[in-house]
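Structure first, commentary second.
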Amino acid sequence: MSSTATQPGPAPASLKEADMKGALVPGNKPRAGLAWRILQICASLRVTVVLFVLSFLLVFWGTWAQRDESIWAVVNSYFRWWFVWIPLKPLTLELIDLPVYIPFPGGWTIGSLLMINLLAAHAVRFKLTWKRSGIILLHSGIVLMMLGEFVAAFQIEGRMSIPEGHSSNFIESDRTMELALVRRLNDKEQEEILISGSRLRQHDGKPIVDPQLPFDVEVVRYLVNSDLGPADLVSQPNLATVGIGLRQVAVEKSETTGVDPTQAVEIASAYVNLKRKDTGESLGTYLVSAWFSYLLMPPETVTVDGKKYDISLRNKRAYKPYTIHLTRFTHDKYPGTEIPKNYQSDVRLVDPTTGENRLVKIYMNNPLRYEGETFYQASLYPMGKGTVLQVVRNPGWLMPYFSTAMVTLGMLVHFGIMLVNFVNRRLA
Amino acid sequence: MVPRRRWLCVLVPLCLAGCREDEPIVKQTVPRVSVMQRFFGAILPKGEKIWFFKLVGTEDDMAELQEPFDEFLKSIDFTDPLKPKWKLPKGWIEEVGKEMRYKTIHIGPKEKKLDLSVTALGLEAEDVTENVNRWRAQIGLVAFHKRDLEPFLRKVDLPAGPAIVVDMIGPGAVAQGKGPPMGAPPRPGPDALPFKYEAPKGWEKIANITLSVLTFQVKEGDKKARVTVSELGKKSGSLLDNVNRWRRDYAGLPEINETQLAKDVQELAVGLESFKYVDIDGPKQRILGVVWPRPDSTYFFKMAGHTDAVEKHKKNFETFVKSVQFGG
């Protein structure tokens, strides 16, 4: 690799010196070889500066994009992904609104490169000495903070809704949907075939074909956010040809953007045309809607080859090996008012895999912690007497605490050493 | 390397990384830990009467009954407006209803308690929203505004006339603050218990006494004990009140306080729940008692009698209580 590759164009003398410092640190013998050269490029302070600028731009445009998109759509497309196509609209601060997209490195790419840059800088430039201990500690804290963000991407957040006297063994995602085809096998088990909401959303007119599906699924229309209305009152054409969709029509609502002060939950609906695998014959276009799940409406049933499938659009479920049974739910109010004073869920936790079987009371500031998940008392069961528990699993929840503590300690150590050296010099 | 190519080296992997693969179709078998209640209803105005057809059961039972229920509705014949007739699907058995109920149609075996009720009320009961909300309360659902009920209502033109058909799913408990259903059957008697059970071998079912809804007599030689199941309203008193009543009236023991009660009381696990369980051995009788709270009442399972008979049947008593399954 040519020298222009490592130091393209003229650069300030200080940066050049910094880049070369690793090779010139007393005691470090100048090294040659491709690997060392690559390490030097990775450790370059110029790379650091470029990556910082890219970070600022990504955060700026990501924030601007929330005028049109929801917070989580932006988080997932801008920050928790490798690469993003940024529309011209936020790029030009809404001066130009054309369907033109500019490629840009995503949060994971910039974060990974910054991490490599930092680690390479330590390998090339920094020596493990007491004098540098504060910096090393500080940088270790930053590395941990960045790793924490990667781990946070795998955080699970959802809810568990249980009517009184019933049990639940799954957590529902707040933000992701799935089309579920459910067939009851017996009293104790059911078979589920699931198509992710993101796949429904990215429909391109071609049916979703898979050997596991009992029929092909063509997504006629997917509405990220919707409302329902009586078919005889709604003026838009009704796409459904069978089922409840003949009486109710899904009407598109705008997505909840990041700047929306209400932050209302989006309720998706879809029109799906189910087709026989062998003949391609349509079994009908069904309206499936998360509204039906929320309202506890009986699902649509489709029979193929003698097998009955309940078809529904629902919040994505994560099944657990344990069961939580709600024995009692109490909802105390302040006397003479409707103001809630206390919600409490008396539950029994049963886990056949560990033999766990105990009664637990969940109320404000007294969550249930089990198998890495925390169950907080969140709300009332909207359809009757029961509870809604907020469930959070964040394997990296301690990492921000540790990382900020390390950064603080690193700064204290570093500036402490500097202060001592300064005082010593003055005394001398 | 030329700088332009270097940028390609960066951009191409980034572009590739930017392409998200389709999430795969997932097929899984999962346990079912909760079964809801499903409700089929129909409101059919005819002349001076509003006719109500109602069928409630578990989701599983009802899934098979959707088509037969629709066929049944289509077969209703109002040639005589006060005495409608219909064609019953195979296995359905009709009997004359009691009180306000015109007919009760048993679907499958009687023990399954899967009954279609037919009730006629005057025109004062024609408000659909009110009726559907009353039905919602019966399966543990909150009342809805008229607009929100729309998705649940199906307007059907039956040969007998236009009708509103309702299909709902609910947890099954009676919602708080709701009154008894209009035209509902009388409070369940001993032949229509709201729970299933398995009586241990050797237990003899006898006539109910006082407040009990189910009574057995058990024997150990010439020593006897009696098992009763009683249902009391919400104001059935605290656990301490009941335990002291048992101690005083049955066991012949002095009353105790909360501290002593906390030491004496045990838990009996029944399925996923557990209930307060006491064993009181006094000079008069020995009592085993389980207190089983329900949303609107409390059930008391009790075995009282000679200490030898109670000792011999204690395990059977626990097995009996564990076999009890309320129907939602």
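Of all residues being more than 10 Å from chain B (Cβ to nearest Cβ) and open to solvent by 30 Å² or more (accessible area, probe 1.4 Å) in region A:165-175, which is nearest to residue A:384 (Cα to Cα)? Just the residue, please.
A:172
Kindly evaluate residue A:216 against the criterion of being open to solvent by 50 Å² or more (accessible area, probe 1.4 Å), of a type in the set (Asp, Glu) and outside the structural domain of residue A:70 (by TED's automatic domain parsing).
no
Only one of these is farther than 18 Å from residue A:325 by Cβ, within 14 Å of another protein chain (Cβ to nearest Cβ) and open to solvent by 50 Å² or more (accessible area, probe 1.4 Å): B:296, B:281, B:308. Name it.
Result of the check over B:296, B:281, B:308: B:296.
Is it the case, given these coordinates, that residue A:361 is within 14 Å of chain B (Cβ to nearest Cβ), surrounded by 13 or more Cβ atoms within 10 Å (Cβ to Cβ) and under 15 Å from residue A:390 (Cα atoms)?
Yes; evaluated as a whole, the condition is true for this residue.
Answer yes or no: is there a residue in region B:31-47 that is in a strand (DSSP E or B), facing chain A (nearest Cβ under 8 Å), within 32 Å of the chain's Cα centre (by Cα) and modelled with pLDDT of 90 or more.
yes
List, please: which pairs have Cβ atoms under 8 Å, are six or more places apart or on different chains, and start with a residue in region A:414-428 that is closer than 20 Å to residue A:139 by Cα and end with one that is open to solvent by 100 Å² or more (accessible area, probe 1.4 Å)?
Qualifying pairs under 8 Å: A:417/A:130; A:417/A:131.
The rows are residues; the columns are (1) within 14 Å of another protein chain (Cβ to nearest Cβ); (2) closer than 30 Å to residue A:210 by Cα; (3) free of Cβ contacts under 8 Å to residues at least 24 places away in the same chain.
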| site | (1), (2), (3) |
| --- | --- |
| B:23 | yes, yes, yes |
| B:63 | yes, yes, no |
| B:67 | yes, no, yes |
| B:73 | no, no, no |
| B:82 | no, no, no |
| B:88 | no, no, yes |
| B:91 | no, no, yes |
| B:101 | no, no, no |
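Of all the strands (runs of 3 or more DSSP E) wholly in region A:282-344, which have at least 3 residues that are open to solvent by 40 Å² or more (accessible area, probe 1.4 Å) and closer than 22 Å to residue A:391 by Cα?
A:307-333
Within region A:356-379, can you find the residues that are under 25 Å from the mean Cα position of the chain (by Cα) and part of a strand (DSSP E or B)?
A:368, A:369, A:370, A:373, A:374, A:375, A:376, A:377, A:378, A:379
Do we find that residue A:162 is touching a residue at least 12 places away in the same chain (Cβ under 8 Å), of a type outside the set (Ser, Thr, Tyr), within 13 Å of chain B (Cβ to nearest Cβ) and touching a strand residue (DSSP E or B) at 6+ places or on another chain (Cβ under 6 Å) in this structure?
yes
Which residues, taken from region A:137-149, are under 19 Å from residue A:112 (Cβ atoms) and open to solvent by less than 50 Å² (accessible area, probe 1.4 Å)?
If the condition is that a residue be under 19 Å from residue A:112 (Cβ atoms) and open to solvent by less than 50 Å² (accessible area, probe 1.4 Å), then A:139, A:140, A:141, A:143, A:144, A:146, A:148 are the ones that fit.
Out of A:11, A:43, which single residue is open to solvent by less than 40 Å² (accessible area, probe 1.4 Å), at pLDDT below 85 and more than 30 Å from residue A:224 (Cα to Cα)?
A:11
Any idea which of (1) open to solvent by less than 70 Å² (accessible area, probe 1.4 Å); (2) among the small types (Gly, Ala, Ser); (3) at pLDDT below 95 is the one residue A:428 doesn't satisfy?
(1)
Filter region A:96-116 for residues that are more than 14 Å from chain B (Cβ to nearest Cβ) and open to solvent by less than 50 Å² (accessible area, probe 1.4 Å) and give the result.
Scanning region A:96-116 gives A:114, A:115.
When residues of region A:183-212 are filtered for being over 22 Å from the mean Cα position of the chain (by Cα), at the interface with another protein chain (Cβ under 8 Å from one of its Cβ atoms) and modelled with pLDDT under 90, how many remain?
2
Which numbered condition trips up residue A:180, out of (1) at pLDDT 90 or above; (2) open to solvent by 40 Å² or more (accessible area, probe 1.4 Å)?
Unmet for residue A:180, out of (1) at pLDDT 90 or above; (2) open to solvent by 40 Å² or more (accessible area, probe 1.4 Å): (2).
Condition check: more than 14 Å from every other protein chain (Cβ to nearest Cβ) and at pLDDT 90 or above. Does residue A:120 satisfy that?
Yes.
Filter region A:163-206 down to residues that are under 24 Å from residue B:64 (Cβ atoms) and among the charged types (D, E, K, R), then give me how many there are.
7
Filter region A:244-275 down to the residues that are farther than 17 Å from residue A:223 by Cβ, open to solvent by 20 Å² or more (accessible area, probe 1.4 Å) and over 24 Å from the mean Cα position of the chain (by Cα) and list them by number.
Once the filter is applied, which keeps residues that are farther than 17 Å from residue A:223 by Cβ, open to solvent by 20 Å² or more (accessible area, probe 1.4 Å) and over 24 Å from the mean Cα position of the chain (by Cα), region A:244-275 yields A:246, A:247, A:275.
Looking at region A:242-261 only, could you name the residues that are acidic (Asp, Glu) and not in a loop (DSSP other than H, G, I, E, B)?
A:252
The values are calculated or read from the model by the stated rules, or taken from the named source; none is laboratory data. Everything quoted here is computed from the prediction, not taken from an experiment. Cβ atoms come from the backbone with ideal geometry, glycine included; neighbour counts cover every protein chain shown. Side chains included, ligands, DNA and RNA excluded: accessible areas come from the protein's heavy atoms. Shrake-Rupley method; radii C 1.70, N 1.55, O 1.52, S 1.80 Å.
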